[in-house]
Ligand code: NAD
């Protein structure tokens, strides 16, 4: 059912939150646009400006690695300035209230952790761009270390195993993190309310989770200003701004 207007949508959302015992939010780039981080597919989004660099290309070419890090550092002022928005804060309030055990996110911006979720309760399907990792041995690096090397010699390799160092994100063509996929599956199947927020639901396998939760018996709410392919299976669709829809649930 598509909410006829924002007010009735928020009212129904409040009722469904009150009726639920275990709520699992699933977030996409749209929850972070209020924080100043552009999404991928909206007009002016990152997708329209830069073709993503597939994993295979990153591994094969120093040039691709240089370009990938150049883009990442160009985004740094944006990521560094971003603060949790009303959507993040509302979910953190539900988490503190014990209604939300964990959040499943496609985002890489660390804003759920910054809003108060324990890191272990943020299931990152696509990793995290606020630090780096060796693609060979998995050694973690901070971005300051990478930037220093990058400025001297371009995209750096691991000091232990010589393999390339990459942001700790999942690129197209890269395997999904098994542990995160397993935990997200368990959460989607165990909740009684699943809320997809700010995702175009076109990136798979992540986009399979709302459907999976619905199939397992949960109610499904979709909050996104554009239509998605799963709107017709949702119990409630709020096609409005996320900050406006979730603002009333931020609390103190
Ligand atoms: P997407 O860009 O495909 O879709 C975002 C959706 O959010 C769009 O449908 C848009 O209409 C909607 N939206 C944007 N701002 C909104 C607002 N204020 N209120 C309501 N709706 C709003 O994003 P996706 O589905 O998450 O897939 C993109 C992939 O890109 C993800 O897998 C993620 O890893 C990555 N990404 C992450 C970030 C981030 O971490 N913040 C930013 C860009 C891309």
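The values are calculated or read from the model by the stated rules, or taken from the named source; none is laboratory data. Computed from a prediction, not measured in an experiment: that's the story for all the values here. Quick reminder, even Gly has a Cβ in these numbers, built from the backbone with ideal geometry, and neighbours come from all protein chains shown.
Which of the residues that make up region 74-89 are touching a strand residue (DSSP E or B) at 6+ places or on another chain (Cβ under 9 Å) and buried (at least 21 other Cβ atoms within 10 Å of the Cβ)?
Selection gives 87, 88.
In region 111-125, which residues are in a loop (DSSP other than H, G, I, E, B) and touching a residue at least 24 places away in the same chain (Cβ under 8 Å)?
116, 117, 125
Conditions tested, residue by residue: (1) away from the ligand (no atom under 12 Å from the Cβ); (2) exposed (fewer than 14 other Cβ atoms within 10 Å of the Cβ).
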| residue | (1), (2) |
| --- | --- |
| 153 | yes, yes |
| 157 | yes, no |
| 224 | no, no |
| 240 | no, no |
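Need the failing condition index for residue 101 against (1) buried (at least 21 other Cβ atoms within 10 Å of the Cβ); (2) more than 9 Å from the ligand (Cβ to nearest atom); (3) closer than 26 Å to residue 213 by Cβ, just the number.
If we test residue 101 against (1) buried (at least 21 other Cβ atoms within 10 Å of the Cβ); (2) more than 9 Å from the ligand (Cβ to nearest atom); (3) closer than 26 Å to residue 213 by Cβ, just (1) comes out false.
Kindly indicate whether any position in region 205-221 is away from the ligand (no atom under 13 Å from the Cβ), assigned to a loop (DSSP other than H, G, I, E, B) and either in contact with a strand residue (DSSP E or B) (Cβ under 7 Å, 6 or more places away or on another chain) or at pLDDT below 95 (or both).
Yes, because at least one residue in region 205-221 is away from the ligand (no atom under 13 Å from the Cβ), assigned to a loop (DSSP other than H, G, I, E, B) and either in contact with a strand residue (DSSP E or B) (Cβ under 7 Å, 6 or more places away or on another chain) or at pLDDT below 95 (or both).
Pull out all pairs, ordered by first then second residue, where Cβ-Cβ is under 6 Å, the residues are six or more apart or on different chains, the first lies in region 220-248 and is in the same structural domain as residue 199 (by TED's automatic domain parsing), and the second is surrounded by fewer than 17 Cβ atoms within 10 Å (Cβ to Cβ) and modelled with pLDDT under 95.
Pairs that qualify, where the first residue is in the same structural domain as residue 199 (by TED's automatic domain parsing) and the partner is surrounded by fewer than 17 Cβ atoms within 10 Å (Cβ to Cβ) and modelled with pLDDT under 95, are 236/1; 237/2.
Which of (1) under 23 Å from residue 32 (Cα atoms); (2) surrounded by 19 or more Cβ atoms within 10 Å (Cβ to Cβ); (3) touching a helix residue (DSSP H, G or I) at 6+ places or on another chain (Cβ under 7 Å) does residue 110 not meet, given it meets every other one?
Only one criterion in (1) under 23 Å from residue 32 (Cα atoms); (2) surrounded by 19 or more Cβ atoms within 10 Å (Cβ to Cβ); (3) touching a helix residue (DSSP H, G or I) at 6+ places or on another chain (Cβ under 7 Å) is unmet by residue 110, namely (3).
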